[in-house]
Amino acid sequence: MKAVSYFAVFAGGLVVSFLLVSLGVVDKVDGIPGAQVEPMLSLPTYLSFLSVMMTAMTAVLAAVAIGIGVVAFYTFPGLKAEARSVAEKTAEDVSADVSEKTTKLVAAEALSEIKIKEMVLELYAKAEKDRQQADEWGKDPDAEVNHER
């Protein structure tokens with residue numbers, strides 16, 4: 001990124017220098033050998049200065065935009081790969097966390113004391129009901145015969 005900023009400053013300096021020399025402001029006033037004629041503008045006026053600065057800013061912004069585009073072109077695949085790896089790692093972490101919590105909840109619910117008591121009471125009630133029904137109907141004669149053998 002530093003190289004892009006250096007290039008932008010260099011390009012802006014070139015544009016300002018070109019404009020100042022082409023307007024004739026820098027020829028005789030600063031001692032740079034150039035045309036031997038009197039410059040069109042001996043001193044920069046506000047409008048010419050503003051014109052030079054706006055043109056220089058446009059050139060600098062264009063150079064920065066080109067530099068950002070070049071940097072983005074070369075870094076986009078790297079950013080894409082990094083985003084993919086971060087997303088995969090996050091998905092793995094979240095799925096492991098969710099599966100662990102779900103397992104704990106299911107185990108806690110399945111083996112809770114209340115559930116076990118309910119299951120025991122239900123089995124006891126069913127066995128008691130079967131005994132009462134057997135007493136009500138009487139004993140099965142075939143069962144007695146099978147027991148005696």
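For segment 66-80, residues that are hydrophobic (A, V, I, L, M, F, W, C) and more than 23 Å from G12 (Cβ to Cβ) total 2.
With respect to the stated conditions, A65 is free of Cβ contacts under 8 Å to residues at least 24 places away in the same chain, closer than 30 Å to L20 by Cα, out of contact with any strand residue (DSSP E or B) (no Cβ under 8 Å at 6 or more places or on another chain) and not hydroxyl-bearing (S, T, Y). The single residue among A63, A59, A35, A83 that is in a helix (DSSP H, G or I), more than 19 Å from G13 (Cα to Cα) and either modelled with pLDDT of 85 or more or not aromatic (F, W, Y) (or both) turns out to be A83.
Of the residues screened, S42 is not one that is closer than 30 Å to S17 by Cβ, part of a helix (DSSP H, G or I), of a type in the set (S, T, N, Q) and modelled with pLDDT under 80. Selection over segment 52-68 of residues that are among the aliphatic types (A, V, I, L, M) and surrounded by fewer than 17 Cβ atoms within 10 Å (Cβ to Cβ) gives a count of 8.
Restricted to segment 46-56, and to residues there that are polar (S, T, N, Q) and over 39 Å from the mean Cα position of the chain (by Cα), the residue that is farthest from F10 (Cα to Cα) is S48. Summed over segment 1-32, the residues that are modelled with pLDDT under 75 and either more than 30 Å from V71 (Cα to Cα) or in a helix (DSSP H, G or I) (or both) give a count of 14.
The values are calculated or read from the model by the stated rules, or taken from the named source; none is laboratory data. Fair warning: this is a prediction, and the values are worked out from it, not measured in the lab. Reconstructed Cβ throughout: ideal geometry from the backbone, glycine too, with neighbour counts over all protein chains shown.
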